[in-house]
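Written below as structure tokens is the structure these notes are about.
The values are calculated or read from the model by the stated rules, or taken from the named source; none is laboratory data. As the structure is a prediction and not an experimental result, all values here were calculated from the model. Using ideal geometry, Cβ is built from the backbone for each residue, glycine included, and neighbour counts are taken over all protein chains shown. These accessible areas exclude ligands, DNA and RNA; they are computed on the full protein's heavy atoms, side chains included. Shrake-Rupley method; radii C 1.70, N 1.55, O 1.52, S 1.80 Å.
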Amino acid sequence: MRLITFAGPPSSGKTSVILKLIRIYLDRGIKVGVVKFDCLQSNDDKLYDKMKVPVLLGLSGQQCPDHYYISNIENVFAWGVELKLDILLSESAGLCNRCAPHIKNIPAVCVIDQMSGVHTPKKIGPMLRSADIVVITKSDVVSQAEREIFEMNVQCVNPCADIFHVNGLTGQGTTELIEALNDFSGDSVVTDNKLRCAMPMAVCSYCLGETNIGSQYQLGNLRKIKT
């Protein structure tokens, strides 16, 4: 089975892109499944379920979604193997633009929204910098100049990634994206593999449930702003 990770800021169009991919995979007789990682709530699993593909929904709740993801991806991968899937698509939202779900030697896709602003690519961390493929959505509603500037900023952050413009409504650009993903041949390996980038560090008193404000209540991994 081949695992493909999708990540991107909230509402960037990840689910729409994945739905278009699924339709093509099913038309080609490829058995595909999806796992959706989110924080508090999501209805995306219902959209995948309507397409008659196996789907899992994982909500991290109070836990950091990055850590929740990597703590569960091994079991999720085993679930896909048990169902004898050909391809398992993993979707996670980089809520702070720091999300780092990409794994070494496993195809990594970052989806970003053209409408989020031309400087947005420079504000996104490993989620974009370590991706193999960058998918830009909603580029059909901006001028050619804005489109080129946005793409240039993406290339500045990740000069090695392949860039595709995909329309989440019409599916335009999806076929080219699938052909690029097909270049990643071979089965994926998760157990004993490594993340491409370390997760955010967050072990402090507030991680453990502290609600009081004040230095006397703060312990653990802390960073203070210079004033």
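Couple of notes before you dig in:
- The one condition from (1) at pLDDT below 95; (2) out of contact with any strand residue (DSSP E or B) (no Cβ under 8 Å at 6 or more places or on another chain) that residue 159 does not meet is (1).
- Options 180, 145: the member that is in a helix (DSSP H, G or I) and exposed (fewer than 13 other Cβ atoms within 10 Å of the Cβ): 145
- Scan of the range 1-36 for residues that are in contact (Cβ under 8 Å) with a residue 12 or more places away in the chain, of a type outside the set (S, T, N, Q) and part of a loop (DSSP other than H, G, I, E, B), ordered by number: 1, 9, 10, 13, 30, 31
- Residue 72 among the polar types (S, T, N, Q) and part of a loop (DSSP other than H, G, I, E, B): no
- Residue 29 surrounded by 17 or more Cβ atoms within 10 Å (Cβ to Cβ) and not hydroxyl-bearing (Ser, Thr, Tyr): no
- Matching residues in the range 196-219 - criterion: being open to solvent by 60 Å² or more (accessible area, probe 1.4 Å) and at pLDDT below 85: 198, 201, 203, 206, 207, 208
- Yes/no for residue 71 being among the hydroxyl-bearing types (Ser, Thr, Tyr), within 20 Å of residue 106 (Cβ to Cβ) and surrounded by fewer than 18 Cβ atoms within 10 Å (Cβ to Cβ): yes
- Within the range 188-195, one or more residues are more than 19 Å from the chain's Cα centre (by Cα) and either surrounded by fewer than 18 Cβ atoms within 10 Å (Cβ to Cβ) or more than 24 Å from residue 68 (Cα to Cα) (or both).
- Number of positions in the range 87-106 that are more than 12 Å from residue 131 (Cα to Cα), in a strand (DSSP E or B) and not acidic (Asp, Glu): 6
- Residue 134 satisfies every condition listed in (1) touching a Cys at 6+ places or on another chain (Cβ under 6 Å); (2) at pLDDT below 95; (3) outside any helix (DSSP H, G or I) except (2).
- The conditions of being open to solvent by 70 Å² or more (accessible area, probe 1.4 Å), closer than 18 Å to residue 14 by Cβ, in contact (Cβ under 8 Å) with a residue 40 or more places away in the chain and among the hydrophobic types (A, V, I, L, M, F, W, C) are met by residue 169.
- Residues located in the range 41-55, provided they are buried (at least 17 other Cβ atoms within 10 Å of the Cβ), aliphatic (A, V, I, L, M) and at pLDDT below 95: 47
- Once the range 1-25 is narrowed to residues that are of a type in the set (S, T, N, Q) and over 13 Å from residue 177 (Cβ atoms), the residue that is surrounded by the fewest Cβ atoms within 10 Å (Cβ to Cβ) is 11.
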